[in-house]
2 protein chains.
Amino acid sequence: PLCLCWALGPAAATAPNILLLLMDDMGWGDLGVFGQPSKETPNLDQMAAEGMLFLDFYTASPLCSPSRAALLTGRLPVRNGFYTTNGHARNAYTPQDIVGGIPDSELLLPELLKKAGYTNKIIGKWHLGHRPQFHPLRHGFDEWFGSPNCHFGPYDSRERPNIPVYRDWDMVGRYYEDFKIDLKTGEANLTQLYLQEALDFISKQQASQQPFFLYWAIDATHAPVYASKQFLGTSQRGLYGDAVKEIDDSIGKILKHLQQLGISENTFVFFTSDNGAALISAPKQGGSNGPFLCGKQTTFEGGMREPAIAWWPGHIPAGGVSHQLGSVMDLFSTSLSLAGVQPPSDRQIDGIDLLPVMLQGKLIDRPIFYYRGNELMAVRAGLYKAHYWTWSNSWEEHSKGIDFCPGQSVAGVTTHTQEEHTYLPLLFHLGRDPGEKYPLSFASDEYQRAVEHISGLVQQHKASLVPGQPQLNVCDQAVMNWSPPGCEKLGKCLKAPESDPKKCSWPH
Amino acid sequence: PLCLCWALGPAAATAPNILLLLMDDMGWGDLGVFGQPSKETPNLDQMAAEGMLFLDFYTASPLCSPSRAALLTGRLPVRNGFYTTNGHARNAYTPQDIVGGIPDSELLLPELLKKAGYTNKIIGKWHLGHRPQFHPLRHGFDEWFGSPNCHFGPYDSRERPNIPVYRDWDMVGRYYEDFKIDLKTGEANLTQLYLQEALDFISKQQASQQPFFLYWAIDATHAPVYASKQFLGTSQRGLYGDAVKEIDDSIGKILKHLQQLGISENTFVFFTSDNGAALISAPKQGGSNGPFLCGKQTTFEGGMREPAIAWWPGHIPAGGVSHQLGSVMDLFSTSLSLAGVQPPSDRQIDGIDLLPVMLQGKLIDRPIFYYRGNELMAVRAGLYKAHYWTWSNSWEEHSKGIDFCPGQSVAGVTTHTQEEHTYLPLLFHLGRDPGEKYPLSFASDEYQRAVEHISGLVQQHKASLVPGQPQLNVCDQAVMNWSPPGCEKLGKCLKAPESDPKKCSWPH
């Protein structure tokens, strides 16, 4: 049976607001405080100075949809179904021809928070499926302004419809039609729209004295990268830096708004990103993973280690720095803890409550599992990381110019065939070698000790693993965003082709 | 004629103390404030928070001796003689069989400061020649505790003597004999000795009310890397990190000492390093250049961009960040400005006075010249960097395992043959592409404009260049540290072999 416990009375009265700032394809090395050489993020740097910096914080997948599903469920994608079995170790996501999405059986953070009196809003990218049954308002959110898929396009409305933008239940327009993105100049005012939505929602909630959960999942740093006119050309880093500057400015305004409304001490804010920088799009459309190896799509540090900052004035001490191994899935558990809600006890939750780390400076021993699709590629425990499989991408893809590790090449590590190391994992010490360049000698005592420890964790993990039904196997042109709810009012309904479900193709 | 102007009266009364903290092979990415993922430099991070961070600060050579000669003369090595013509574009330094050293015709910073009433001390590594005529006390320093060469060894005293450690004019012992370095454990207490020397000197000068120039040129982060017992094993980063932690701790103690003596507002402090991290020694004996390409010995950013912090409470505003293109040679000019001394007018000085940058937040337009030995390899102007020559090291060296760019490989850029690009320089935009991975298209307008501008700077630079007599061409076993002054008292004189001068061999 599903057991949920919450206290609506006193807990609701003191439960803080929760604001998750989730970036899209932003890398560990993109913030000044994490060593970006242009140092153009004064507001985020200030947020870190006033809060706690997490240096060893991870996503649960090097790709967007599974990462977001993990954040909102507190569970690894292999459990919540956000993976594919069409190929081995392939990253999958939710393009608009995907048939699957977040299963009803999954319990999402807003569903749980709602029952504790929270009003929940998602601003920006949902990415957990765009068919009606996957709509965020069917999974615990009360409000939505944003889109179900990436802002790719423009499309011709015949082969492929443009991506809709929703307000709550209904679409209010489409990208490139009603919500302009100028691919030539990179101009789009979407971040400003998302900023205003956040400020308005916060004001409304403050006035109504209801606790809120705001999931601000903006996407300006995902290709095609965009910025508002006033930010274009202002960065040393080109368009990508312009987008970062606009986001930094927006976050500064949001934090200031909380302070001006007098609710900053009652609002827990956490900043992070969904996966590593998309080096494949660099330098114009991609960010930086600092000193780490490779980027998005890979299970090297550059693909999965994320910038992360916690901010809660009066509670989290200013200027803290933590080496706690953290995960986006911890935001689920930590948020429930903040709200005084018990996590579901009928399923495995991978997230942990980080409040003892943030409030009392504790360090909790826990491993990090690096999955690519259906395969456990690597495991980190302490400062050691063992790779059980290595792969960047195939020779075939690489020969087309698709490079997840531009300018980087570590023999036997950034391999272009899927290399199994199950019986003799490649081991790195991430303290001495954060760039994963120098595997430890198999013959060393250090290797033996560390691998023995990690092997035990893997065994334990695999023994208790119940994979979810894979949601990202089937694609069908008929399910694309032809006629989203609300399209009639706008005269924006398009005719869907005949259904023709196929296995999705996942090359990476 | 040589014209020097200084004001001994009022200027001496108000001239601040000058403290240069020069690291050895420490990289841009080795400090927390510059994004090192272990973030183990709280004192340096605090120094940056209280002072000004320079993000675009450079050395004048990717190797130690020429870099140090440039710092102390304010002139490029190609002018002051710290280069070789034995091969094209070869880095040279001062091993103990080098015949040359700093020419008497060069005017060193301490010589100039001395005449303005400063007491000058060098603690640590001199590296401008070890024969009697090159002794630091013959070039303006009043005191010395340290050694003339790198702490390589141990040697057998027959083929090669161990490196002497001097106190002022005389040697007081040798490395590995009287000053222990345990190569197995990495233990050595040298940084503690250098720290105590600094604290004592500062106390003495404060008591005597004489302004001082202290050049704290410690070498714990140069291979063989070492740390004191109390720091061994304390870092996430292994021995290299232990050394960094000890240095960070020591600098914290020095700054605190200045504050406790009440002279922090009268002491200008600048922290930087002599060249990029020695990736060839990584991960155990080498540091990090953060997101930059390659390391020591190269003219890529990893070889020449340095961590840099200015600190002068009450004068330099706290928390400043500057994108001023700076150089170690600017420390010469800035120090003279602080002391109220005019720079020599009979020779070309490459340094500029950074006080307007630090005190008024100005930005001064000036190029950075990247030399390797006798060749101008690259030039930076604004955010553009043009490479006229590219080279990492030769295939022959590379095949021996000598790799200046481990894990990094950029086609046509990190070349293993010396590639000339004089007529069509490789151009990078360091804002969008700090890692020098994406050369701009030769056909673009942006390329044309930037290269035209930089070509003008190169022409101007070359037209006025008067190369000094190269000092690093001749080596002779007879000139090694067999019998340094003071050896008789210690019974440590060794017999020199017959003189047999030869061309030095510089493979890189």
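The values are calculated or read from the model by the stated rules, or taken from the named source; none is laboratory data. A quick note: this is a predicted structure, and the numbers were derived from the prediction, not measured. Every residue, glycine among them, receives a Cβ derived from its backbone with ideal geometry; neighbour counts consider all protein chains shown. With ligands, DNA and RNA removed, areas are computed over all heavy atoms of the protein, side chains included. Shrake-Rupley method; radii C 1.70, N 1.55, O 1.52, S 1.80 Å.
Observations, loosely collected:
- Within segment A:194-206, residues that are closer than 13 Å to A:LYS256 by Cβ reach partners that are among the hydroxyl-bearing types (Ser, Thr, Tyr) with beta carbons closer than 6 Å, at six or more positions or on different chains, in the pairs A:LEU195/A:SER250.
- Within segment B:347-361, the presence of a residue that is in contact with a Ser or Thr (Cβ under 9 Å, 6 or more places away or on another chain), in a strand (DSSP E or B), surrounded by 17 or more Cβ atoms within 10 Å (Cβ to Cβ) and away from chain A (no Cβ under 13 Å) is excluded.
- Positions within segment A:299-339 being within 16 Å of A:THR267 (Cβ to Cβ), open to solvent by 10 Å² or more (accessible area, probe 1.4 Å) and not aromatic (Phe, Trp, Tyr), in sequence order: A:PRO313, A:GLY314, A:HIS315, A:ALA318, A:SER337, A:LEU338
Every residue, every condition in (1) within 18 Å of the chain's Cα centre (by Cα); (2) under 20 Å from B:ARG167 (Cα atoms), yes or no:
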| position | (1), (2) |
| --- | --- |
| B:HIS88 | no, no |
| B:ALA92 | yes, no |
| B:ASP97 | no, no |
| B:LEU113 | no, no |
| B:GLY117 | no, no |
| B:ILE123 | yes, yes |
| B:LEU128 | yes, yes |
| B:PRO132 | no, yes |
| B:ARG138 | no, yes |
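- Flag if A:LEU55 is touching a helix residue (DSSP H, G or I) at 6+ places or on another chain (Cβ under 9 Å) and closer than 26 Å to A:GLY361 by Cβ: yes
- Residue check for A:LYS400: over 21 Å from the mean Cα position of the chain (by Cα) and open to solvent by less than 10 Å² (accessible area, probe 1.4 Å): no
- Condition met for A:GLY51 (touching a residue at least 12 places away in the same chain (Cβ under 8 Å) and at the interface with chain B (Cβ under 9 Å from one of its Cβ atoms)): no
- The residue list A:SER337, A:SER333 contains one member that is more than 30 Å from A:GLN408 (Cβ to Cβ) and touching a Pro at 6+ places or on another chain (Cβ under 7 Å), which is A:SER333.
- Between B:THR119, B:THR185, the distinction of being of a type in the set (Val, Ile, Thr), within 23 Å of B:PRO343 (Cα to Cα) and open to solvent by 10 Å² or more (accessible area, probe 1.4 Å) belongs to B:THR119 only.
- Per-region count, segment A:16-42, residues away from chain B (no Cβ under 14 Å), of a type outside the set (Val, Ile, Thr) and either more than 17 Å from A:LYS296 (Cβ to Cβ) or surrounded by fewer than 24 Cβ atoms within 10 Å (Cβ to Cβ) (or both): 5
- The residue that is farthest from A:LYS492 (Cα to Cα), counting only those in segment A:188-212 that are in a loop (DSSP other than H, G, I, E, B) and open to solvent by less than 60 Å² (accessible area, probe 1.4 Å), is A:PRO211.
- Residues of segment A:182-224 that turn out to be β-branched (Val, Ile, Thr), farther than 18 Å from A:LEU255 by Cα and in contact with an Asp or Glu (Cβ under 8 Å, 6 or more places away or on another chain), as a count: 1
- When the residues of segment B:364-392 are filtered to those that are touching a helix residue (DSSP H, G or I) at 6+ places or on another chain (Cβ under 6 Å) and open to solvent by 30 Å² or more (accessible area, probe 1.4 Å), the one that is farthest from B:ASP403 (Cα to Cα) is B:PRO367.
- A:GLU106 touching a helix residue (DSSP H, G or I) at 6+ places or on another chain (Cβ under 8 Å) and modelled with pLDDT of 95 or more: yes
- Qualifying residue in segment B:213-227 (condition: open to solvent by 40 Å² or more (accessible area, probe 1.4 Å) and among the charged types (D, E, K, R)): no
- Tally of residues being away from every other protein chain (no Cβ under 11 Å) and open to solvent by less than 10 Å² (accessible area, probe 1.4 Å) across segment B:288-298: 2
- If you go through segment A:412-441 and keep only what is assigned to a strand (DSSP E or B) and facing chain B (nearest Cβ under 8 Å), you end up with just A:HIS429.
- Qualifying positions in segment B:381-411 - within 13 Å of chain A (Cβ to nearest Cβ) and part of a strand (DSSP E or B): B:TYR384, B:LYS385, B:GLN408
- Members of segment A:138-156 found to be in contact with a strand residue (DSSP E or B) (Cβ under 6 Å, 6 or more places away or on another chain), farther than 20 Å from A:TYR176 by Cα and either open to solvent by 30 Å² or more (accessible area, probe 1.4 Å) or not in a loop (DSSP other than H, G, I, E, B) (or both), listed by number: A:ASP142, A:GLU143
- Matching residues, segment B:229-276, being without any contact (Cβ under 8 Å) to a residue 60 or more places away in the chain, in a loop (DSSP other than H, G, I, E, B) and either buried (at least 24 other Cβ atoms within 10 Å of the Cβ) or more than 13 Å from chain A (Cβ to nearest Cβ) (or both): B:LEU232, B:LEU261, B:GLY262
- All positions within segment B:157-182 that are open to solvent by 10 Å² or more (accessible area, probe 1.4 Å), assigned to a strand (DSSP E or B) and of a type in the set (Gly, Ala, Ser): none
- Among residues of segment A:442-463 being aliphatic (A, V, I, L, M) and touching a residue at least 12 places away in the same chain (Cβ under 8 Å), the one that is farthest from the other protein chains (Cβ to nearest Cβ) is A:VAL458.
- Segment A:282-333: number of residues that are outside any loop (DSSP other than H, G, I, E, B) and touching a His at 6+ places or on another chain (Cβ under 8 Å): 0
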